[in-house]
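Report on the structure given below.
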Amino acid sequence: MKNMLLFEPAFKSLFRHFSKTAALMFLVVFILIVPTSSFSADYEKPIPLKAEDILSEKLLSSDYHQVEGEVENDGLFNTYKVRSPFGNFTIETTLRLKQLVHELRVVAEMRKVETDDTVVASLQESGKNVAKGIGNIFSDPQGAFDGAVSGAQNIFGRAKETVGKRKLSDAEDSRFEQLVGISKSKGEIATQFGVSVYSTNPVLQEELDRLGRADFAGGIGVGVLQSVIPGVGGMLLTVSGSTRLLNEVINTTAASELWVRNKKALLELKISEGTVEYFLNNPAYSPAQKTIITEALKKLRDVEGSNILLEIGLQASTFRMANVVTVFAGMVASYHKEVAPLKSLKPVARFAYGIDKKGKTILLLPTDYLIWSERLYEVTKDLQSRSGEIWTLGNLSEIAKRELESHGWTIKTKVGEKLIQ
């Protein structure tokens, strides 16, 4: 926490002066922490990339999407412009593009499912009266629970424990929808279709709302969906660092329950309560992201300095920034469990690198396309006394690869299959 406080003034300045894209990618600001005064002839400048050169055919186009030919790259991450029958999208990072492509296919399938609009409209109207009846759950939670009929506590999950402490994230439904059970229906439907109920895709959320309300009102049956949409229900959710089982738990567990579980787990890791609640109440993170980061920290409990991940994550102020932190946390946990155990995590600039049990430095980067910049040189120079490896989800320019290898680094590219489960 002490380190985090030291970072605060610099981050405030960063968020004031940085461009939207640079602020989004603060996780690797050790490379572009502030705009450099100038690039020497030895350093590269970001240039546009060609989509056809960096994407597979499936990611490039389908019946439901088309990626525009020119891809913006800021030296770290790619930004894609996507056209589809459901609207146009601007997507940052290749990992998010993969998620969008899957979601657009799911939206197309969802629109084949008919619902009784009359039933849904009736539900929305009756919900106004229901809301009055449950209003005191927030103003007088103890009285509401004392007067509840047997078993009513189960309807509200852990609301009593979190009232006054938990804040809704930007990705959550309203408290009313959570309490009346629509969120539960949405979560079950999202799991059947292999998507995240906390997706920020507005078109997907519109369909989840439609099907969720209809299912809650008896308009459709969740169990019917798998037979209606063959093959889709078995797909893995495209949320970094977690398996289908974890995603199913996230989708079908009330956000308030996830909050309580995550808080308990983080406190057991000896993280201060103030830091834990500050993280769990950060609206930039969805309940899914908070849960994935918590699960990653649990896997890293025996790694010295692993709590630095949470300190880095505390700085996120947008969903996109939170997503980069979540991906990185998943990469670190997967490397530790699936590749080689880490001994410690250590800070460098405002980032972190790992040391394995043999003393090797491991730099895990959730980047798309890395170019040779002055900032990258400065960091790798600080670490060049160690033998080390750089793992990236994407690729590097030929110049960046040559320079890093000349400084003793072993480069491993496109590591998503190994680290993103």
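A few comments on the model shown:
- Shape class of region 312-364 from the Cα gyration tensor (axes a ≥ b ≥ c, square roots of the eigenvalues): oblate, since a/c reaches 1.5 or more and a/b does not exceed b/c.
- Legend: calculated FRET efficiency, ASP302 to ARG402, from the Cβ-Cβ distance at R0 = 45 Å, rounded to 0.05, equals 0.75.
- Amide proton proximity set for LEU396, modelled H, under 5 Å, gap of 5+: LEU370
- For region 284-316, trypsin sites (Lys or Arg not before Pro) meeting the loop criterion (DSSP other than H, G, I, E, B) and having at most 15 other Cβ atoms within 10 Å: ARG301.
- Derived scalar couplings between HN and Hα for region 54-70 equal 10, 10, 6, 4, 5, 7, 5, 7, 7, 5, 10, 7, 8, 7, 5, x, 8 Hz in order, rounded to whole Hz, by the Karplus curve 6.51 cos²θ - 1.76 cosθ + 1.60 (θ = phi - 60°), x for Gly and Pro.
- When SER406, SER62, SER286, SER84 are sorted by how many other C-beta atoms sit within 10 angstrom of their C-beta, beginning with the fewest, the order is SER406, SER62, SER84, SER286.
- Dividing the convex hull volume of the alpha-carbon atoms in region 313-408 by its residue count gives 105 Å³ per residue.
All of the numbers you see were taken from the coordinates with simple rules; none came from a lab. From a predicted model like this one, the values you see are computed outputs, not experimental measurements. Ideal geometry is used to build each Cβ from the backbone, glycine not excepted, and the neighbour counts take in all protein chains shown.
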